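The values are calculated or read from the model by the stated rules, or taken from the named source; none is laboratory data. This one's a predicted model, so the numbers in the text were calculated from it and none came from an experiment. Cβ: placed from backbone, ideal geometry, glycine included. Neighbour counts: every protein chain shown. The accessibility values were calculated without ligands, DNA or RNA, using every heavy atom of the protein model including side chains. Shrake-Rupley method; radii C 1.70, N 1.55, O 1.52, S 1.80 Å.
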Amino acid sequence: MSVREQLLEYLDDNLERYLENWKSKIRISDTDVHQDKVEENGVMMYRLVQKNIEAPICLDRIIALAKKVALERVEANVNIGDFIYNVNAGRSVLMKHMTYAGIEVSELQSILDSINELFDQFSYHAVSEYTRMKNNELQEKISFIDETHQEKLSILGQMSSSFVHEFRNPLTAIMGFVKLLQKEYPDLEYIDVIDHELQQLNFRISQFLHVSKKEIDVGSLEWLEVKTILAGIIDFIYPSIVDCDVEIHNNIPANLNVFGQQDKLRQVFLNIMMNSIDALKETPGPRQIELHCDQDEEMVNIYLTNNGPRIPAETLKTIFEPFYTTKELGTGIGLYVCRKIIQNHQGRISCHSNDEYTTFKVSLPLAEKLSIEQA
């Protein structure tokens with residue numbers, strides 16, 4: 001009798017012994033919905049080994065079993081570590097099991113090598129299939145979460161739109177009467193403060209309307225000089241600049257023009273500048289904001305850099321998402337609106353931050369005219 005025949009006879013006679021030893025070592029959860037198939041799979045692997053001892057088997061048979069087991073492990077929600085442990089336990093027990101066949105190890109070596117290769121192939125294809133299915137499962141969950149999140153945002157947008165439209169009607173009337181009071185009583189104490197606060201409130205309402213997509217956009221498209229826009233913003237926020245003791249360097253060259261809607265681009269740069277000033281309040285000094293730019297054949301890149309505290313990497317991933325904020329009284333829609341406006345100008349906005357500087361980069365296309373979608 002040949003060594004292979006002797007080994008096959010031993011394996012036929014001692015299957016139960018192998019299964020008993022293997023099952024004593026593997027990890028099976030009480031919640032495993034396929035725990036009744038674990039022994040069945042062990043037997044199938046045992047039979048594959050026997051077939052491979054007779055003659056090298058087709059790889060497709062190994063892959064078929066690997067995919068079957070992987071699917072069951074995914075459905076059982078088994079940890080990948082436990083999965084690999086059980087496969088290796090099967091290999092280890094089988095190798096030791098065959099040494100009791102009364103055959104010299106030197107005569108078994110080539111057979112053991114081929115069985116090791118079989119287990120390697122099985123492990124590779126099983127883990128690959130397990131990983132693929134787990135990734136698909138994860139992507140489905142992420143898609144579901146995204147869809148649910150978008151539905152919630154849509155409902156919230158509808159609610160906020162209805163609310164702010166109702167709120168804006170009396171606000172418009174109040175602003176009108178304040179203007180009349182300013183005209184009739186120019187020296188009236190605190191009237192300028194009231195007007196400024198009403199303007200800020202109106203600005204916040206406009207941001208909510210941008211998010212809900214209900215605002216009627218009547219802004220015209222025109223050639224705009226970037227330096228002039230930024231200089232106007234610096235003048236507008238001068239009290240905040242002085243209060244925070246910030247030094248601003250406007251290094252944007254003259255005659256750098258972009259084609260867009262002035263009010264919207266002004267809103268973008270104003271929001272970033274105010275965020276920068278808020279961040280600089282946490283810096284002991286000197287506090288600086290630098291405005292500069294460069295351009296290539298397609299885009300003009302405008303950089304707004306401050307030397308405030310570093311923005312953590314996990315925060316950078318979400319700062320342009322709606323309703324995300326790190327401010328105690330923030331709305332979490334400012335940067336979302338900024339991104340939306342820049343995208344509608346066929347541009348891009350991004351943020352980079354390290355221990356020394358935080359830079360917002362606004363890229364706008366160089367073109368004679370752009371077909372800008374209404375935000």
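Compactness of the range 1-72, taken as the C-alpha radius of gyration over 2.2 N^0.38 Å, stands at 1.25. Straight Cα distances below 15 angstrom link K68 to the aspartates and glutamates D36, E39, E40, D60, E129, with same-chain residues fewer than 8 positions distant left out. Here's the list of aspartates and glutamates a cross-link from K183 could span, going by alpha-carbon distance under 17 Å and ignoring same-chain residues fewer than 8 apart: D192, D195. Counted by Cβ distance under 10 Å from N251, the other residues give a net charge of 0, where Lys and Arg count +1 and Asp and Glu count -1.
Label sites at D192 and A64, each approximated as a point 7 angstrom past Cα along Cα to Cβ, lie 8.7 nm apart. Counting protein heavy atoms only, the range 79-149 has 54 percent of its accessible area on carbon and sulfur, 1.4 angstrom probe.
Sorted from greatest to least, the principal axis extents spanned by the alpha carbons of the range 222-318 come out as 39, 32, 21 Å.
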